[in-house]
Amino acid sequence: MIEEGKALFLQIAESVEDSIVDGSLAEEAQAPSTNELAAFYRINPATAAKGVTMLVDKGVLYKRRGIGMFVAPGARESLLVERRAAFRDRYLTPLLAEARKLGLGSEDLAQLLREHAHTTTTEGDQ
């Protein structure tokens, strides 16, 4: 899981976020502890704590004193909103800019997406 060139604490935070977004870590469920994360990823507990603290600061996790960290109510929806905006900025904005340069309209793009999705689906069946 460790990616070169990306801070470890960010990778820890993203991993926990991924679990929340995909539903494997439900709202109000107990999140992995700093020590569990550190052991699993074989990193310093302080690094894992920095990632967890980042999620607490974002309101994704909250602490129950003496019990541990838990997924905050509304965390999944909040993360989905954040990730959809990032997806738009990272992928759609440049895609639309390039489409304009090529003279492609929204119907052209929709057709390309349908064709690509069909091709990807049929290739996966083989």
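Based on Cβ point charges of +1 for Lys and Arg and -1 for Asp and Glu, what charge dipole magnitude is obtained for the chain about its Cα centre, in debye rounded to the nearest 20?
Working: 15 positive and 19 negative charges, 124 e Å.
Roughly 600 debye for the chain.
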Compute the long axis of helix 106-125 from its Cα atoms, compare it with the longest principal axis of the Cα atoms of the chain, and write down the angle in degrees, 0 to 90, nearest 10. 70
With point charges of +1 on the Cβ of Lys and Arg and -1 on the Cβ of Asp and Glu, referenced to the Cα centre of region 8-73, which listed residue (Ile12, Val71, Ser33) lies farthest in the positive direction of the dipole? Ser33
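Arranged by the count of other C-beta atoms within 10 angstrom, fewest first, what order do Ile43, Ile67 take? Kindly include the intermediate steps, with their values, before the conclusion.
On the way: Ile43 17, Ile67 8.
Ordered by Cβ neighbours within 10 Å, fewest first: Ile67, Ile43.
Compute, for region 8-73, the length of the dipole vector about the Cα centre, with Cβ point charges of +1 (Lys, Arg) and -1 (Asp, Glu) only. Units Debye, rounded to 20.
On the way: 6 positive and 8 negative charges, 76 e Å.
Using only the charged Cβ atoms, the result is roughly 360 debye.
Counting pairs of alpha carbon atoms under 8 Å apart in space and at least six apart in sequence, what relative contact order in percent does the chain give?
Values: 98 pairs, mean separation 27.7, N = 126.
Once normalised by length, the contact order is 22 percent.
Suppose only helical runs count, i.e. DSSP H with n ≥ 4. What mean residue ellipticity at 222 nm does that imply for the chain under -39500 (n - 2.57) per run, divided by all residues and rounded to the nearest 500 deg cm²/dmol?
On the way: 6 runs with 78 residues, N = 126.
Counting only the DSSP helices, I get -19500 deg cm²/dmol.
Which order results if Ile20, Ile12 are arranged by neighbouring Cβ count within 10 Å, fewest first?
Ile20, Ile12
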From the phi of every residue in region 8-13, what ³J(HN,Hα) in whole Hz does the Karplus formula 6.51 cos²θ - 1.76 cosθ + 1.60 yield, where θ is phi - 60° and glycine or proline is x? 4, 5, 5, 5, 5, 4
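Given the peptides 50-62, 25-37, arrange them by the average over their residues of other C-beta atoms within 10 Å, most packed first.
50-62, 25-37
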In debye, nearest 20, what is the charge dipole magnitude of region 76-125 about its Cα centre with +1 on Lys and Arg Cβ and -1 on Asp and Glu Cβ, if you could check? 280
Go through region 55-69 residue by residue and turn each phi into a ³J(HN,Hα) via Karplus (6.51, -1.76, 1.60, θ = phi - 60°); whole Hz please, and just put x for glycine and proline. 5, 5, 4, 7, x, 7, 10, 9, 9, 9, 3, x, 10, x, 9
Going Cα to Cα from Lys58, which aspartates and glutamates come in below 17 Å? Please leave out same-chain ones fewer than 8 positions away. Glu14, Glu17, Asp18, Glu27, Glu28, Glu77, Glu82
May I ask you to list the lysines whose Cα is less than 18 Å away from that of Lys6, ignoring any residue fewer than eight positions away on the same chain? Lys50
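With a Förster radius of 22 Å, plug the Cβ-Cβ distance of His116 and Arg90 into 1/(1 + (r/R0)^6) and report the FRET value to the nearest 0.05. Walk me through the intermediate numbers first.
Working: r = 18 Å, r/R0 = 0.82.
Efficiency for this residue pair is about 0.75.
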Kindly write out, for region 76-90 in residue order, the coupling ³J(HN,Hα) from the Karplus curve 6.51 cos²θ - 1.76 cosθ + 1.60 (θ = phi - 60°), rounded to whole Hz, with x marking Gly and Pro. 4, 5, 4, 5, 4, 4, 4, 6, 5, 5, 5, 4, 4, 5, 7
Any residue on another chain or 5+ positions along whose placed amide H is under 5 Å from the amide H of Leu61 is listed here as Val56, Ala72
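FYI, it's all coordinate maths here, none of it is from the lab. Please read these numbers as outputs of a predicted model, since none were measured by experiment. Cβ sites come from the backbone with ideal geometry, for glycine too, and all protein chains shown count toward neighbours.
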